[in-house]
Amino acid sequence: MAGVALVAPPAVAAPPAPRTVVGLGVALPLGPAGLAETRTTRILQPGVTLTRIVRGRTDPSAVWTVEVAVPAGPGSPDPDTPPAAISDELSARAAADRLRAADLDPRVEKVSTPPLVDFSGDLGWRLRVGETATKAAADAIRQQVLATGLSGSSVYTGWDGEPDDVAGSTGPWHIDVLTIDPRTFSGRLDATYGPDLEQRETTSQLATLEGADAAVNAGFFVLDPAAGAPGDPAGVAAYYGRLVSEPIAGRPALVVREDARRTSIVRLRWRGEVAGLPLDGLDRVPGLIRNCGGFGDLPTDLPRHDYTCTDPDELIAFDAAYGMRTPSGPGAEVVLDRSDRVTEIRPARGGTIPAGGRTVQATGAKVDALQAVAHPGRKMVIRATLIDQRGRPVPTSPVTSIVNGGPELVRDGRLHATPRADGMVRPGDPSFYYGWVHKRNPRTFAGVDAEGRTVLITADGRSTSSVGLGIAETAAVARAIGLRNAINLDGGGSTTMVADGAVINVPSDATGERPVGDALVVLPAR
């Protein structure tokens, strides 16, 4: 795979902790303590086990309802704010009055969120109408809501994540746990993006391409062409020791080795340069920074999840990992051969990448700077270094892969969910937190236990047969399974686990399995 080559890191062992065997450990902390839970484990290859956990039953108190998008009202500081699921109380009550005038019976509810390490408290107020046994009945009420000029969606209250609900809900939950024990594992644990970064493949397609015995979806990625190249990692990514996507301002990443030893979770930054000029990014569309956290970007240099920051003045390096051709557009592009020597200076962006070579694109104010240093035949070496929280280089080797994630879930055996640090707390937008962190969704998460085993987990959601997990629940499940350190990966419709050539969970997208940016794959021994 192409990219910026790095060198191997020192080993860091996980702290010791009491032994917990996946499939035989403590019951999951979901719902009442006595809730029924079954676990079925099978061996996929030596050192690799797959455990299916089914907990709970359909919650008799859960119903379908219509969640109304509340327009800005008398209590909103910004009357131009678009309608949202979470609002101030005055705006929610004003919208409720409109529904009552149409002979509907709305409920204005205060929403409090479970406390996490860097965020807690009241999110605001929501507006709901109806309590029905079926989605079809809720959809009928939704049509009445639409007739008032308001909008909304039919939701299942089993997907709520309020503190009072978490303890009383009966689920159900379907969770799959893939455990790789390096003491008996003779296969390989890798990450893969498929043929190139700018295209997406399903997790099962990536598993087939690699000949994997098992796979799970991995990092966040660009989905919308307006946010960059679909499939491009939205955060750090390194495959077989080659860095192909830059970190997001200290967000966490999962670092794995082929032998499944010394798996770790590290918060990363980076620095890159070419011919003395600082790089803004690697293998992505210039000017579009998905999840933000770059240098001099608008509106922020901090992480902001599922948001695309912009920067008109960027310097981006490309290699063959990106795809057949680099992004086209105004600016300039320098082409380097496999010896890092300039072979072409393009007056605009876009073109092929030479075999074994690189290109560097410039936009805006960076164009003149790049053209000033680029001369035919000149050697221009591209350098990139990953840096940890203490400012130390974090090199990797050809047996190392890194995928992006967030928030952190467990650190040193303690609950440590960090949505604020990792950009899931958006200023002035509690509805994003409500939908992404607070509410139950399909989740993919990973980590390492006290005995050094790598554990990859998926939890189905967005259905009545498996309600999913809020981030607080995800962290609690990770710790109960025995993880000393854990990270949330891409979830929602991306959540997929493959074993023995088949998708074994139920992806939540209506169209079925979602094409993703990359996947973690468990390969047989060579």
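The values are calculated or read from the model by the stated rules, or taken from the named source; none is laboratory data. Quantities reported herein were computed from a predicted structural model and do not represent experimental measurements. Quick reminder, even Gly has a Cβ in these numbers, built from the backbone with ideal geometry, and neighbours come from all protein chains shown. Accessible surface areas use protein heavy atoms only, side chains included; no ligands, DNA or RNA. Shrake-Rupley method; radii C 1.70, N 1.55, O 1.52, S 1.80 Å.
Could you figure out which of (1) open to solvent by 10 Å² or more (accessible area, probe 1.4 Å); (2) part of a loop (DSSP other than H, G, I, E, B) isn't true of G461?
Condition (1) is where G461 drops out.
Can you find a residue that is free of Cβ contacts under 8 Å to residues at least 24 places away in the same chain and within 21 Å of G287 (Cβ to Cβ) anywhere in region 361-369?
Start the filter on region 361-369 by keeping residues that are free of Cβ contacts under 8 Å to residues at least 24 places away in the same chain, which leaves 368.
Narrowing the set further to residues that are within 21 Å of G287 (Cβ to Cβ) leaves 368.
Checked against the condition, which is being free of Cβ contacts under 8 Å to residues at least 24 places away in the same chain and within 21 Å of G287 (Cβ to Cβ), region 361-369 yields at least one hit.
Does L123 qualify as being in contact with a Phe, Trp or Tyr (Cβ under 7 Å, 6 or more places away or on another chain), modelled with pLDDT of 95 or more and closer than 30 Å to I457 by Cα? Talk me through it step by step, then tell me what you get.
Details: in contact with a Phe, Trp or Tyr (Cβ under 7 Å, 6 or more places away or on another chain): yes; modelled with pLDDT of 95 or more: yes; closer than 30 Å to I457 by Cα: yes.
In short, yes.
Go through R346, R341 for me and flag whichever is under 13 Å from A275 (Cα atoms), among the basic types (K, R) and surrounded by fewer than 20 Cβ atoms within 10 Å (Cβ to Cβ).
R341
Assess whether A191 counts as being in contact with a strand residue (DSSP E or B) (Cβ under 9 Å, 6 or more places away or on another chain) and assigned to a helix (DSSP H, G or I).
Here the answer is no, as A191 does not meet what is asked.
Any residue in region 390-410 that is open to solvent by 40 Å² or more (accessible area, probe 1.4 Å) sitting within a Cβ distance under 6 Å of a residue that is charged (D, E, K, R)? List the pairs, counting only those 6 or more apart or interchain.
Final answer for the pair search is V399/R257; V399/E258.
Condition first: within 22 Å of A472 (Cβ to Cβ), part of a loop (DSSP other than H, G, I, E, B) and at pLDDT below 95. Can you find one or more residues in region 4-19 that meet it?
Looking only at region 4-19, we keep the residues that are within 22 Å of A472 (Cβ to Cβ), and these are 17.
Filter once more, keeping what is part of a loop (DSSP other than H, G, I, E, B): 17.
Still in the running and at pLDDT below 95: 17.
Yes; the residues of region 4-19 include at least one that is within 22 Å of A472 (Cβ to Cβ), part of a loop (DSSP other than H, G, I, E, B) and at pLDDT below 95.
Could you say whether any residue in region 275-290 is open to solvent by 40 Å² or more (accessible area, probe 1.4 Å) and modelled with pLDDT under 95?
no
Which condition number does R271 fail, the rest of (1) outside any loop (DSSP other than H, G, I, E, B); (2) open to solvent by less than 30 Å² (accessible area, probe 1.4 Å) being met?
(2)
Which of the residues that make up region 326-340 are closer than 20 Å to G228 by Cβ and part of a loop (DSSP other than H, G, I, E, B)?
Those that are closer than 20 Å to G228 by Cβ and part of a loop (DSSP other than H, G, I, E, B): T326, P327, S328, P330, G331.
Looking at region 110-123, which of the residues that are in contact with a strand residue (DSSP E or B) (Cβ under 6 Å, 6 or more places away or on another chain) and surrounded by 14 or more Cβ atoms within 10 Å (Cβ to Cβ) is nearest to P430 (Cα to Cα)?
Filtering first and then ranking leaves L123.
Of these, L35, L50, which one is open to solvent by less than 30 Å² (accessible area, probe 1.4 Å), outside any strand (DSSP E or B) and modelled with pLDDT of 50 or more?
Selected residue: L35, the only one of L35, L50 that is open to solvent by less than 30 Å² (accessible area, probe 1.4 Å), outside any strand (DSSP E or B) and modelled with pLDDT of 50 or more.
When region 483-508 is examined, which residues are found to be open to solvent by 10 Å² or more (accessible area, probe 1.4 Å), within 17 Å of I471 (Cα to Cα) and in contact (Cβ under 8 Å) with a residue 60 or more places away in the chain?
The answer is R484, N485, D490.
Which numbered condition in (1) under 20 Å from D422 (Cβ atoms); (2) without any contact (Cβ under 8 Å) to a residue 24 or more places away in the chain; (3) not acidic (D, E) is the only one that R338 fails?
Every listed condition holds for R338 apart from (1).
May I ask you to list the residues in region 218-244 that are open to solvent by less than 20 Å² (accessible area, probe 1.4 Å) and under 30 Å from S186 (Cβ atoms)?
Within region 218-244, A218, G219, P233, V236, A237, A238, Y239, G241, L243, V244 meet the criteria.
In region 362-380, what residues are loosely packed, with under 15 Cβ neighbours inside 10 Å and in a strand (DSSP E or B)?
K379
Please determine, by comparing only the residues of region 411-451 that are acidic (D, E) and open to solvent by 10 Å² or more (accessible area, probe 1.4 Å), which one is farthest from G121 (Cα to Cα).
Once the filter is applied, the top-ranked residue is E451.
Answer yes or no as to whether L469 is crowded, with 21+ Cβ neighbours inside 10 Å and within 17 Å of the chain's Cα centre (by Cα).
Here the answer is yes, as L469 does meet what is asked.
Given the conditions (1) farther than 30 Å from T474 by Cβ; (2) among the hydroxyl-bearing types (S, T, Y); (3) modelled with pLDDT of 95 or more; (4) surrounded by fewer than 23 Cβ atoms within 10 Å (Cβ to Cβ), and given that T359 satisfies all but one, which numbered condition is not satisfied?
(4)
Have a look at G323, G296 and point out the one that is without any contact (Cβ under 8 Å) to a residue 24 or more places away in the chain, more than 18 Å from the chain's Cα centre (by Cα) and part of a loop (DSSP other than H, G, I, E, B). Don't jump to the end; show me each part of the working.
Numbers: G323 fails: without any contact (Cβ under 8 Å) to a residue 24 or more places away in the chain.
After applying the criteria, what remains is G296.
What do you reckon, is A229 assigned to a loop (DSSP other than H, G, I, E, B), within 24 Å of A317 (Cβ to Cβ), of a type in the set (A, V, I, L, M, F, W, C) and out of contact with any His (no Cβ under 6 Å at 6 or more places or on another chain)?
yes
From the residues in region 381-432 that are among the charged types (D, E, K, R) and assigned to a strand (DSSP E or B), which one is nearest to W270 (Cα to Cα)?
Residues of region 381-432 among the charged types (D, E, K, R): 383, 388, 390, 392, 408, 411-412, 414, 420, 422, 426, 429.
Subset that is assigned to a strand (DSSP E or B): 383, 408, 411, 414.
Details: R383: 11, E408: 19, R411: 22, R414: 27 Å.
My answer is R383.
I'd like the full set of residues that are open to solvent by less than 10 Å² (accessible area, probe 1.4 Å) and under 20 Å from P430 (Cα atoms), limited to region 294-321.
H305, C309
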